[in-house]
Amino acid sequence: MDLTVIQKIVIYALPVIFAITVHEAAHGYAARHFGDMTAFNAGRITLNPLKHIDLFGTIILPALTVMLGGILFGWAKPVPVDFRRLRNPKKDMLWVAAAGPASNFVMAIFWALVMKFSVSAPEAFALPMALMGKAGVTINVVLMVLNLLPLPPLDGGRIAVSLLPMNLARPFAQIERYGFIILIILLFSGVLGRILEPLINLVYALISAIF
């Protein structure tokens, strides 16, 4: 069914905000677990979206991409992590980075459950639940796959730095200063969509198999 702009914003608002902010909070929880208290001391280990929202990255840009029909794209205020304070910086970096995408996978499962239970919900709630559930699955799967790309400063880039031997990890980590520019170029050139689409479909298939 075709939705108006207002309907799209209403349906996508909660899934977008929580997909991005829980992702960031997960990094903070993992960092604290492995010894870095930077995010905790900054008051960023919280599920309160207001602590993580970036006006442009969390609200304006995702809203524009949803309305224009492109790949959902956005970010929250990054949770501060000082990898030097982790008990085993190179090894623990992997788990801190992976916590964000892992949280998106868990949220995708949650929204899939919302879709599943929408069929037995009262008629007035069934369609909104189904649409919001579908939006939640889509948003979280896209953000999970996007963040797992091996490009610093994305989580996949940090995972790659953790796994590479030191002589390769150091020069690879230097890409981070250009990472955001590379990502924007890939997004607007359409290359990013072609890279992500088969991976997104694979995760969709996995979630479908679970249910």
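Here is how the numbers come out for the structure above:
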{"item": "Residue list for the stretch 102-146, restricted to those being aromatic (F, W, Y) and out of contact with any Lys or Arg (no Cβ under 8 Å at 6 or more places or on another chain)", "result": "F105, F110, F117, F125"}
{"item": "Residue among D2, D36 that is acidic (D, E) and surrounded by fewer than 21 Cβ atoms within 10 Å (Cβ to Cβ)", "result": "D2"}
{"item": "Condition broken by I210, with the remaining ones in (1) over 27 Å from A25 (Cβ atoms); (2) surrounded by fewer than 16 Cβ atoms within 10 Å (Cβ to Cβ) satisfied", "result": "(1)"}
{"item": "Those residues of the stretch 163-183 which are open to solvent by 50 Å² or more (accessible area, probe 1.4 Å) and under 19 Å from L143 (Cα atoms), in sequence order", "result": "E176, F180, I181, I182"}
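Residues are listed down the side, and each one gets a yes or a no for (1) among the hydroxyl-bearing types (S, T, Y); (2) open to solvent by 40 Å² or more (accessible area, probe 1.4 Å); (3) out of contact with any Ser or Thr (no Cβ under 9 Å at 6 or more places or on another chain):
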position: R85; (1), (2), (3): no, yes, no
position: V114; (1), (2), (3): no, no, yes
position: A124; (1), (2), (3): no, yes, yes
position: V161; (1), (2), (3): no, no, yes
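The values are calculated or read from the model by the stated rules, or taken from the named source; none is laboratory data. Values in this document were obtained by computation on a predicted structure and should not be read as measured data. Cβ: placed from backbone, ideal geometry, glycine included. Neighbour counts: every protein chain shown. Side chains are part of the model used for accessible areas, which takes the heavy atoms of the whole protein and leaves out ligands, DNA and RNA. Shrake-Rupley method; radii C 1.70, N 1.55, O 1.52, S 1.80 Å.
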